[in-house]
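One structure is given here, and the rest of the page talks about it.
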Amino acid sequence: MARITASVYTSHVPAIGVALDQGKTHEPYWQPLFDGYEFAKNWMRQQQPDVVFLVYNDHATAFDLDFIPTFALGTAAEFAIADEGWGPRPVPKVIGHPQLAAHIAHSVIQQDFDLTLVNRLVVDHGLTVPLSLMFGQVSAWPCTVIPLAVNVVQYPIPSGQRCFQLGQAIRRAVESFDDNLNVQIWGTGGMSHQLQGARAGLINQPWDQRFLDRLISEPAQLATLPHIEYVREAGSEGIELVMWLIARGAMDDIAGGPTVTVRQRFYHVPASNTAVGHLILENS
Ligand code: DHB
Ligand code: FE
C-alpha cells in the first residue's frame, strides 16, 4: 500500500524563486536563508519520495474571482509553470500522478469533503518555490506531485479545524491505495507576513515560534485557533499557515500511531516581506 512517510513545511516567498533563478543565493542577504535548506536537500536525496502531495495556495493565478474553490485537487498528468507577470519561472514542469489523485478524490469525497477536481492547472510560486527549496535547481523534479490548492486568499476560507480533518482524510485515502508508494505531504505558505494596508511588513517572531512548537506537540489544539488570531498576530497573509494543519493532520500520531520525529526546524527573518519557517516531521 502507499504510505505517508513524512511531512514537510515551508514558506513560499516569490523573491526566493527570483534569488534562485537569478543566481543570487550566495549574496549576504540570501545566504543564511538558503543555508537553512541544505539539510532538507540532502535528506530528500535519501528519502526519494515517489509522490509529493503538495498543499499550497494559488495567488489569483490559476483561479480568480470567477471561481473560488475551497479545496482544489490537481488530477492532471502534468502542470505547467504559471506566468505571474514576468514570464514563467525557469523550472521544470510538474508531473502529476493521475491514478493516485483519482483515488484520493474518490476516497476523500466519500469521506464527505467536497473537493473540486482540476484537470488543467497552472502552478504559481506557491507550489514552485517549495519545490525549488526542497530539491534545488534540477533539470527535472525527482518525483511526481499532486497539488492541492487551498483558498486562503478570498474570504470565506476554511478553518484550521477543517484543514486538520482534511489531512486525516487524505491519510486514509493514501493508505488505501493499492501500490507501494513512498508519499510525502507538504504544507506550505506563511509564516507571519502582511503585504498590504497600515500593518504592511508585520512580522511576529514569538508567535511564529510558538506556532511551530504547537504544530509539533499539540496540533489538535492548534487547529482550534480562530482565523482572527492568525490575522491579528501573523498578519493578513499569515493566514496561509492554516494549510500546514492539512499536512500535520495526515501524520501517523494523529491516528493513534507513535510520536513524530522532528528532523529539521528552521526559522529565518527577513525574506522579502515574510518570515520563513521550515519543518520536517517523520513518521517512524
Ligand atoms: C510575499 C509573500 C507571499 O506569501 C506572497 O504570496 C507574495 C509576496 C512577499 O514576502 O513579498
Ligand atoms: Fe503567498
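Every number here is computed from the coordinates shown, using simple stated rules; none is lab data. Owing to the predicted nature of the structure, the values given are computational and were not obtained by experimental measurement. Here the Cβ is made from the backbone with ideal geometry for all residues, glycine too, and neighbour counts use every protein chain on show.
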Quiz prompt | Environment charge at Gln111 (Cβ cut-off 15 Å; Lys +1, Arg +1, Asp -1, Glu -1) | solution = 0
Quiz item: By how many nm would the segment from Thr259 to Ala80 lengthen if fully extended, with 0.36 nm per residue of separation less the alpha-carbon distance?
Solution: 60.7 nm
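According to the square roots a ≥ b ≥ c of the eigenvalues of the Cα gyration tensor, what is the shape class of the stretch 116-191, taking rounded for a/c under 1.5, prolate for a/b larger than b/c otherwise, and oblate for the remainder?
Numbers: a/c = 1.75, a/b = 1.11, b/c = 1.58.
Oblate is the answer for the stretch 116-191, as a/c is 1.5 or above yet b/c matches or exceeds a/b.
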Quiz item: Which whole-Hz couplings ³J(HN,Hα) result when phi for each residue of the stretch 180-190 is put into the Karplus expression 6.51 cos²θ - 1.76 cosθ + 1.60, θ = phi - 60°, listed in order with x for Gly and Pro?
Solution: 6, 10, 8, 10, 10, 10, 10, x, 10, x, x
Quiz item: Tell me, Kirkwood radius of the stretch 45-133 from alpha-carbon pair distances, in Å?
Solution: 14.1 Å
Quiz item: What's the local net charge at Gly187, with K and R +1, D and E -1, over the other residues with C-beta under 11 Å away?
Solution: 0
Quiz item: Stretched out fully, how many nm does the piece from Gln99 to Asn119 gain, at 0.36 nm a residue minus the Cα gap?
Solution: 6.0 nm
Quiz prompt | Euclidean distance between Cα centres, the stretch 246-284 to the stretch 1-64, Å | solution = 13 Å
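Count the DSSP beta bridges whose two residues both fall in the chain, then state the antiparallel fraction as a percent rounded to the nearest 5.
Numbers: 19 of 42 bridges.
Counting DSSP beta bridges with both partners in the chain, the antiparallel share is about 45 percent.
By the scheme Lys and Arg +1, Asp and Glu -1, what is the net charge of all other residues having a beta-carbon under 15 Å from that of Leu202?
With Lys, Arg at +1 and Asp, Glu at -1, the net is -3.
For the chain, what is the per residue volume of the convex hull drawn over the alpha-carbon atoms, in cubic angstrom? Walk me through the intermediate numbers first.
Numbers: hull volume 34.4 nm³, N = 284.
Per residue, the Cα convex hull of the chain comes to 121 Å³.
Based on the Cβ-Cβ distance of Ile109 and Arg3, what FRET efficiency does E = 1/(1 + (r/R0)^6) give at R0 = 22 Å, to the nearest 0.05?
Details: r = 22 Å, r/R0 = 0.98.
Efficiency for this residue pair is about 0.55.
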